[in-house]
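Where a number appears in this text, it was derived from the coordinates with a stated rule and is not lab data. Because the structure is predicted, anything quoted here is derived from the model rather than measured. Cβ atoms come from the backbone with ideal geometry, glycine included; neighbour counts cover every protein chain shown.
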Amino acid sequence: EVHLLESGGGLVQPGGSLRLSCAASGFTFTDFAMTWVRQAPGKGLEWVSAISYSGGNTYYADSVKGRFTISRDNSQNTLYLQMNSLTAEDTAIYYCAKDLYVGSTRGSFDYWGQGTLVTVSS
Amino acid sequence: DIQMTQSPSSLSASVGDRVTITCQASQDISNHLNWYQQKSGKAPKLLIYDGSNLETGVPSRFSGSGFGTHFTFTISSLQPEDIATYYCQQYDDLFTFGPGTKVDIK
């Protein structure tokens, strides 16, 4: 059974940093692209960042480009999101999600974690 | 950047009703469109991928159609467990979600 478990969320001051993790199990992690999607309180879904199955290609939304870094450790079946220069607008639940297709950063997300809440506030 | 719009933003229908949601892309995205269901307090769930393909395990009352810039999502017979917000999402050029349609039972 596929399982994605995010961790690392919490309260951080504006300008601060946080690193989110997503531990994956139940599938061959190295075969699938992964993505981060966030949802501000009471708002809709916003795609944040994606990484290819090998980690060789990364993609970012304009709203986080230059501040966030996505990475993965295929030996540990773990996805990461390093978030720097955080602002109140980054306050959201952050979900990690798995791509549907093997070997492709296709953009159809078939499994999601339960999310981790990031709150940026002084 | 590709922008996605959905209509209506919310709807209320009776159990057994046919419910239709539309999604429009700001440019041609072929069939590169997915539909997700998000219940309150839960993670989104993929229902339809590649415009019209039903994800494994999803009830057949859900369907999707469309190509290019105009897409439709249909629940053929609304059930109480379908109360949720539904999002379209394009993957033709990176990834963009629509603003969502909240579905309620009348």
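Considering B:THR72, B:THR85, the condition of being in a strand (DSSP E or B), touching a residue at least 12 places away in the same chain (Cβ under 8 Å) and more than 14 Å from every other protein chain (Cβ to nearest Cβ) is satisfied by B:THR72 alone. Scanning the range A:55-68 for residues that are touching a Ser or Thr at 6+ places or on another chain (Cβ under 8 Å) and not basic (Lys, Arg) yields a total of 8.
Taken over the range A:1-52, the criterion of being free of Cβ contacts under 8 Å to residues at least 60 places away in the same chain and of a type in the set (A, V, I, L, M) is satisfied by A:ALA23, A:ALA40, A:LEU45, A:VAL48, A:ALA50, A:ILE51. Number of residues in the range B:88-106 that are under 19 Å from A:LEU100 (Cβ atoms) and not in a strand (DSSP E or B) equals 6. Applying the condition of being under 11 Å from the mean Cα position of the chain (by Cα) and over 14 Å from B:SER40 (Cβ atoms) to the range B:91-106 and asking which residue is surrounded by the fewest Cβ atoms within 10 Å (Cβ to Cβ) yields B:PRO99. Being surrounded by fewer than 16 Cβ atoms within 10 Å (Cβ to Cβ) and among the charged types (D, E, K, R): is that true of A:ASP99 here? Here the answer is no, as A:ASP99 does not meet what is asked. Before we move on, is A:THR30 within 19 Å of A:GLY113 (Cβ to Cβ), more than 14 Å from every other protein chain (Cβ to nearest Cβ) and out of contact with any Pro (no Cβ under 8 Å at 6 or more places or on another chain)? Yes; evaluated as a whole, the condition is true for this residue.
Looking only at residues that are buried (at least 21 other Cβ atoms within 10 Å of the Cβ) and either among the hydroxyl-bearing types (Ser, Thr, Tyr) or in a strand (DSSP E or B) (or both) in the range A:113-122, which one is farthest from the other protein chains (Cβ to nearest Cβ)? Result: A:VAL118.
Scanning the range A:96-112 for residues that are farther than 18 Å from A:SER25 by Cα and within 7 Å of chain B (Cβ to nearest Cβ) gives A:ARG106, A:GLY107, A:SER108.
Candidates in the range A:84-95 are the residues that are over 25 Å from B:GLY98 (Cβ atoms) and either within 11 Å of chain B (Cβ to nearest Cβ) or touching a strand residue (DSSP E or B) at 6+ places or on another chain (Cβ under 8 Å) (or both); of these, the one that is surrounded by the fewest Cβ atoms within 10 Å (Cβ to Cβ) is A:ASN84. A:ALA23 - would you say it is more than 14 Å from every other protein chain (Cβ to nearest Cβ) and under 20 Å from A:SER7 (Cβ atoms)? In short, yes. Exactly one residue among B:GLY51, B:GLY41 is part of a loop (DSSP other than H, G, I, E, B), under 10 Å from the mean Cα position of the chain (by Cα) and either crowded, with 17+ Cβ neighbours inside 10 Å or free of Cβ contacts under 8 Å to residues at least 24 places away in the same chain (or both), and that residue is B:GLY51.
Looking across the range B:42-69, the residues that are closer than 11 Å to B:CYS88 by Cα, more than 9 Å from chain A (Cβ to nearest Cβ) and not small (Gly, Ala, Ser) come down to B:LEU47, B:ILE48. Among the residues of the range A:53-68, are any touching a Lys or Arg at 6+ places or on another chain (Cβ under 6 Å), surrounded by 17 or more Cβ atoms within 10 Å (Cβ to Cβ) and either of a type in the set (Asp, Glu) or closer than 28 Å to B:GLY51 by Cα (or both)? No.
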